[in-house]
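J.: The structure under discussion is supplied below as structure tokens; questions concerning it will follow.
The values are calculated or read from the model by the stated rules, or taken from the named source; none is laboratory data. Note that the coordinates shown come from a computational prediction; the quantities given were computed from them, not determined experimentally. Neighbour counts run over all protein chains shown; Cβ positions are idealised from the backbone, glycine included.
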Amino acid sequence: MRLKAVLVLLAALAFAVSPLLNPGFGGYDPSQFPAITSDPPIIPAGYAFSIWGVIYLWLVAMAGYGLWRRPEDADWDATRWPLVASLGIGAVWLPVAMISPLWATILIWAMLGTALVALLRAPWRDRWLLGTPVGLYAGWLSAAACVSLGVLLTGFAVPPFDATGWAIALLGLALCIGVAILRARPWATFGVAIVWALLAVTMRNGFDLVGLFAMAAAVVIAALTVVPGRKRRV
């Protein structure tokens with residue numbers, strides 16, 4: 001068990017250091033796509049990506065605490081292999097994204113899948129040091145993976161939709177993922193991260209079709225996030 005705790009910490013540190021080793025990434029380069037003339041509407045406003053700073057720090061703190069205080073804990077141990085996989089992929093995601101949006105999209109979905117497994121296994125005990133940071137990470141990845149796929153499909157003009165259609169379809173997918181996970185394990189930070197991303201899509205698009213859809217989806221996720229929290233307090 002201790003070895004897995006060490007691997008989680010190493011993966012979290014590598015993940016957090018990756019932006020420093022790969023500076024300058026501001027999203028996929030439009031020249032990598034044959035059909036993009038401007039940013040697709042599914043991309044959130046730029047300020048939303050600042051959430052990564054909180055995610056990196058909290059995941060490193062989580063991993064450090066797990067090695068220091070919970071190295072042999074069975075509940076923590078159940079989350080470790082999925083976290084090693086997700087964070088390990090995340091450590092190489094940026095250099096891949098600079099080269100290939102296709103492979104970056106595949107990898108971010110792998111990151112999301114393993115992060116969700118870890119989240120679903122996270123115990124309520126030590127929630128601020130395990131489930132809560134993993135929830136924030138998995139929630140943001142739920143939105144980011146859908147954004148990446150939406151940009152990819154738009155960039156290659158994949159039928160049957162145009163940029164607006166794919167934006168709504170993939171935001172709808174993010175909504176479905178959010179609803180499913182919140183009904184299974186209502187971690188508040190998971191919902192908060194998705195709402196943060198959806199509202200940033202509205203901020204970038206205004207009150208057009210995509211912006212309104214994103215706002216409506218944010219309201220649904222916010223409601224599912226708040227109501228279970230109230231039930232737990234009762």
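J.: Sort through Val84, Val134, Val96 and tell me the only one that's more than 26 Å from Thr225 (Cβ to Cβ) and in contact (Cβ under 8 Å) with a residue 24 or more places away in the chain.
T.: Val84
J.: For region 193-207, indicate whether the set of residues that are under 23 Å from Pro101 (Cα atoms), over 13 Å from the mean Cα position of the chain (by Cα) and hydrophobic (A, V, I, L, M, F, W, C) is non-empty.
T.: Yes - at least one qualifying residue is present in region 193-207.
J.: Taking the options Leu102, Leu94, Leu67, name whichever one is more than 18 Å from Cys146 (Cα to Cα) and either modelled with pLDDT of 95 or more or among the acidic types (Asp, Glu) (or both).
T.: Testing whether each residue is more than 18 Å from Cys146 (Cα to Cα) and either modelled with pLDDT of 95 or more or among the acidic types (Asp, Glu) (or both) leaves just Leu67.
J.: Whether any residue in region 131-145 is surrounded by fewer than 16 Cβ atoms within 10 Å (Cβ to Cβ) and closer than 23 Å to Ile36 by Cβ is what I want to check.
T.: no
J.: Kindly indicate which of Ala35, Ala16, Ala61, Ala48 is farther than 25 Å from Ala122 by Cα, touching a residue at least 24 places away in the same chain (Cβ under 8 Å) and within 19 Å of the chain's Cα centre (by Cα).
T.: Just a single option satisfies the conditions, and that option is Ala48.
J.: Then there's this: So is Leu67 buried (at least 17 other Cβ atoms within 10 Å of the Cβ), touching a residue at least 60 places away in the same chain (Cβ under 8 Å) and either in contact with an Asp or Glu (Cβ under 9 Å, 6 or more places away or on another chain) or not basic (Lys, Arg) (or both) or not?
T.: Criteria met by Leu67.
J.: Whether any residue in region 119-130 is free of Cβ contacts under 8 Å to residues at least 40 places away in the same chain and outside any helix (DSSP H, G or I) is what I want to check.
T.: Checked region 119-130: at least one residue is free of Cβ contacts under 8 Å to residues at least 40 places away in the same chain and outside any helix (DSSP H, G or I).
Residue by residue, here is whether (1) aromatic (Phe, Trp, Tyr); (2) touching a strand residue (DSSP E or B) at 6+ places or on another chain (Cβ under 7 Å); (3) surrounded by 14 or more Cβ atoms within 10 Å (Cβ to Cβ) holds:
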site: Tyr28; (1), (2), (3): yes, no, yes
site: Ser38; (1), (2), (3): no, no, no
site: Pro41; (1), (2), (3): no, no, yes
site: Trp52; (1), (2), (3): yes, no, yes
site: Ala63; (1), (2), (3): no, no, yes
site: Glu72; (1), (2), (3): no, no, no
site: Asp77; (1), (2), (3): no, no, yes
site: Val92; (1), (2), (3): no, no, yes
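J.: Now a separate question. So if I check each of Leu224, Leu212, which one is assigned to a helix (DSSP H, G or I), crowded, with 16+ Cβ neighbours inside 10 Å and either over 15 Å from the mean Cα position of the chain (by Cα) or of a type in the set (Ser, Thr, Tyr) (or both)?
T.: Residue meeting the stated conditions: Leu224.
J.: Here is a further query. Pairs needed: first member in region 139-165, farther than 28 Å from Val192 by Cβ; second member anywhere, part of a helix (DSSP H, G or I) and of a type in the set (Gly, Ala, Ser); C-beta distance under 7 Å; at least 6 residues apart or different chains.
T.: Phe161/Ala169
J.: Among the residues of region 163-175, how many are surrounded by fewer than 19 Cβ atoms within 10 Å (Cβ to Cβ) and either modelled with pLDDT under 95 or under 14 Å from the mean Cα position of the chain (by Cα) (or both)?
T.: 1
J.: Filter region 196-209 down to residues that are touching a residue at least 12 places away in the same chain (Cβ under 8 Å) and either of a type in the set (D, E, K, R) or not in a helix (DSSP H, G or I) (or both), then give me how many there are.
T.: 2
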